[in-house]
Amino acid sequence: MIDVASSDSTSSDSSSSLPSNWGRWGADDELGTLNLITDEVRARAVAEARTGRWVSLAMPVDPASMLGGPFAPPAPPSPPVQQALLYTGTPPMGMAELLVLNPHHPELTHLDAFAHMPVDGLVYPGRPLTEAVTAGGVVHGSSTAFADGVLTRGVLLDLAPGDRLPSAHPITAAVLEAAELRSGVHLEPGDALVVRSGWTFSWDGETPAPGMTMDAVTWMQQRDVSLYAGDISDTFPPVDPQVPMPLHMVGLTRLGMPLIDGVQVDELAALCAELGRYAFLLTVAPPRLRGATGVPVNPLAIF
């Protein structure tokens, strides 16, 4: 995703009509909609783990070598992870490595922190960016809030079972509700919403992926979604003229709803269809890396 230091896309007049959770859990809150995951919600989630079947929602990543030269392996121009191997001892008695990660790379499954997307100079829950990010680092709205991990019930809404949505298809509340009806599971407050569209992230302007609309993000607030993960997110060019990036500019910044970008859900959809179950225990255990704008994660769906 694109980091936006500030944005004029949402004026003060139009932003007043947008959904918001600012103040809902206090002026200093850093958990956002993760506050909705109570002990009762976690207990409901654990009850979904009945068979031991499980699947990962993370995309596999092959690190690219940092080394250049005629004998270096070829690497993409902008890899999500770069690696340098380090030999210890003579002769080598151990191995170490230096890894450089781009936590917001679309090919690396990652969890966005609130400081990732300031809008009009503010981050959730209305904190000025100049207070949240200082010369010493990110002091508010960072990955520190995710250090304990996330455990809740996940619900898969498959928007195009066995297929994929048309290019640039706007995902509205009606589209989500139709998928919920097909799944036979009602999304409860505190649940994580996992969406499958049949697409992967793409910068191709000629065949843009489907994208979320403000209508869909408003529905997520009304249903008290605690966490969003999907094979699609905001798309370019935007499908909603009201807000070009509704999931990031409103879901993340105004609702305080953490986003997992870059998930793969086809294996999950196949397992849900096989078991006839679209609700599961979802665990998200990021590294306890504090003060970052995002962290790589490996979400697990357990049935």
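The values are calculated or read from the model by the stated rules, or taken from the named source; none is laboratory data. Just so it is clear, the structure is predicted and the values come from calculations on it, not from any experiment. All Cβ positions, glycine included, derive from the backbone under ideal geometry; neighbour counts span all protein chains shown. Each accessible area value is taken on the protein alone, full model and side chains, heavy atoms only, with ligands, DNA and RNA left out. Shrake-Rupley method; radii C 1.70, N 1.55, O 1.52, S 1.80 Å.
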Which whole-Hz couplings ³J(HN,Hα) result when phi for each residue of segment 238-243 is put into the Karplus expression 6.51 cos²θ - 1.76 cosθ + 1.60, θ = phi - 60°, listed in order with x for Gly and Pro? x, 8, 10, x, 5, 9
Using +1 at the C-beta of Lys and Arg and -1 at the C-beta of Asp and Glu, which of Thr134, Ile37, Val119 has the Cα lying farthest in the positive direction of the dipole of segment 21-145? Ile37
Which length gain, in nm to one decimal place, applies between Ala273 and Arg182 when the Cα-Cα distance is subtracted from 0.36 nm times their residue separation? 31.6 nm
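When the chain is fully extended, how far beyond the present Cα-Cα distance does Ala135 get from Asn298, taking 0.36 nm per residue of separation? Before the final figure, lay out the partial values.
Details: separation 163, 0.36 × 163 = 58.68 nm, distance 3.04 nm.
Using 0.36 nm per residue and subtracting the Cα-Cα distance, I get 55.6 nm.
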Test of understanding: what is the full-extension gain from Val61 to Arg290, defined as 0.36 nm times their sequence separation minus their Cα-Cα distance? 80.2 nm
Just the number, please: carbon plus sulfur as a percent of the accessible area of the chain, 1.4 Å probe, no ligands or DNA/RNA counted. 56
Scan (i) 54, 49, 47; (ii) 66, 43, 38; (iii) 62, 49, 45 for the value of Cα extents along the principal axes in Å calculated from this model and give just the label. (iii)
Just to be sure I understand the model, the point goes 7 Å from the Cα along the line to the Cβ. What's the resulting Thr88 to Arg42 distance in nm? 3.4
